[in-house]
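Student: Got a structure for you, questions after.
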Amino acid sequence: MSVIDDEETARLLRDALRELTAELSPTSDPLVRVHRWRRTRQRAQAGLAATCVAALAAIAILITNRANQDNHGATVLQLAGYTFRLPRGAHVASASPAACAMSAVLLYRTGPAPLPTVPSEPKVASAVTAHGGCVSMLLSAPYQAGAEPRVGWGPVSVHAITIDGFSGTLGTYDYVGRATTNGVRIPSGTRRLVMTLTLPFATQYRDLQVAASGVSTAELTKIVSSGLNTPAG
Amino acid sequence: MKRGGYAAFEDFAREESAKLLRTAYLLVRDRELAEDLLQTTLLRVFRRWDRAKEAPAAYAQRVLLNACRDSWRLQRRRPDEQAASAAEIAEGAPTTAGADVALGRLILLDALSALPVEHREIIVLRFFLDLSVLETAARLGIPEGTVKSATHRALHIMRSALLTQSET
């Protein structure tokens, strides 16, 4: 081999490094760790997202419950300006559950036409008790004296009552209608404890109907009485 | 990383994997370890793709060099200790050139293996990756003068090896 300079050595070196590694290629997927890392990360992100959703849901429930508490921390049910205090452990149902379905109990008044309803007022509110019972309240549209009720519920045992000066009825009803109300079909024969009170509304009247299941008469009376003490303005 | 970003990374990985693997192999002289370092490098580049995507090849080379150094430190052994012989490297390589050329390559490879790690890095960057003195200095984070002097010394050692071989 002849005498060589730096330049020649560098050229030989370049050729040597290239030629001797020319056939060297990855034998396995070089991205295998990248794929594994991505999968792990995606799972972690999905888990984190699920945790966040659960946390947000829990916060929403807490906020809702907080919003439905009075100054004493008791859970309350708001209905058109009335505030009903619920038994300990009860919580307000965000949507009327099937167990609470009672809209069909509404007294459709016949005779003189009912006045238009007040759109901004909540008309139905429900709460679930600690023991799984249910209380649903409904405020009818204003009507004039003389309108007669027409109901889809057949009275089983009903008697007149007066609570805090408001007269009405209390008794058990079995559902005899076949309508689907608010997307809930009430099975025929469904029994509800229903309290109906007539409330003055300007020169007309409104009916407050409270249907309950899994709640005693005494408890129901107490709940309704708590709201009637603070009538709507 | 966005979907398009991952596609760009995959393209980069597909194009550069072989070159990175060969670089790693020349540095550590262990095929299995070189593949391991390649995977480590690609993962690190992927995780920093937002930063790497401007000049991914240069970024990957820096990451690979660091990975090699980490590997040496972890294993507490110099690559020289596990280096294959020049003949082993040459196994399977094309030998269409003359016998002298083939012999010369083997001698150079052996001489490269005998170099200190710091010099070997410089030689691989300068003569395998074809980086300039400036680029090599930047990759390794050392002064240009060091690159020049180390290159000169390394070439001198290799030339001596070639001359010694030719004299025998």
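The values are calculated or read from the model by the stated rules, or taken from the named source; none is laboratory data. Quick caveat, the model's predicted, so the values are computed rather than measured. Using ideal geometry, Cβ is built from the backbone for each residue, glycine included, and neighbour counts are taken over all protein chains shown.
Student: Count, please, the residues in region B:33-63 that happen to be farther than 12 Å from residue B:9 by Cα and within 12 Å of chain A (Cβ to nearest Cβ).
Tutor: Residues flagged as farther than 12 Å from residue B:9 by Cα and within 12 Å of chain A (Cβ to nearest Cβ) within region B:33-63 amount to 8.
Student: For region A:47-72, what are the residues that are modelled with pLDDT under 85 and of a type outside the set (Gly, Ala, Ser)?
Tutor: Listed by number, the residues that qualify are A:59, A:61, A:62, A:63, A:64, A:65, A:66, A:68, A:69, A:70, A:71, A:72.
Residue-by-condition table, conditions (1) in the same structural domain as residue A:133 (by TED's automatic domain parsing); (2) at pLDDT 80 or above; (3) surrounded by fewer than 14 Cβ atoms within 10 Å (Cβ to Cβ):
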site: A:165; (1), (2), (3): yes, yes, yes
site: A:173; (1), (2), (3): yes, yes, no
site: A:179; (1), (2), (3): yes, no, yes
site: A:184; (1), (2), (3): yes, no, no
site: A:194; (1), (2), (3): yes, yes, no
site: A:222; (1), (2), (3): yes, yes, no
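Student: Filter region A:23-46 for residues that are among the aliphatic types (A, V, I, L, M) and either facing another protein chain (nearest Cβ under 7 Å) or closer than 15 Å to residue B:104 by Cβ (or both); which is surrounded by the fewest Cβ atoms within 10 Å (Cβ to Cβ)?
Tutor: Restricting to residues being among the aliphatic types (A, V, I, L, M) and either facing another protein chain (nearest Cβ under 7 Å) or closer than 15 Å to residue B:104 by Cβ (or both), the top hit is A:32.
Student: Something else: Of the conditions (1) modelled with pLDDT of 70 or more; (2) more than 11 Å from chain A (Cβ to nearest Cβ); (3) closer than 30 Å to residue A:38 by Cα, residue B:113 clears all except one; give me its number.
Tutor: (3)
Student: Residues B:27, B:74, B:37: which one is part of a helix (DSSP H, G or I) and more than 12 Å from the chain's Cα centre (by Cα)?
Tutor: On inspection, the qualifying residue turns out to be B:74.
Student: Quick one: how many residues across region B:15-32 are buried (at least 19 other Cβ atoms within 10 Å of the Cβ), hydrophobic (A, V, I, L, M, F, W, C) and within 9 Å of chain A (Cβ to nearest Cβ)?
Tutor: The total comes to 3.
Student: May I pose another question? Of B:46, B:12, which residue is surrounded by 21 or more Cβ atoms within 10 Å (Cβ to Cβ) and over 14 Å from residue B:65 (Cβ atoms)?
Tutor: B:46
Student: Continuing with this model, one more query. State whether the residues of region A:207-220 include one that is assigned to a loop (DSSP other than H, G, I, E, B), over 16 Å from residue A:84 (Cβ atoms) and at pLDDT below 80.
Tutor: No, the conditions are met nowhere in region A:207-220.
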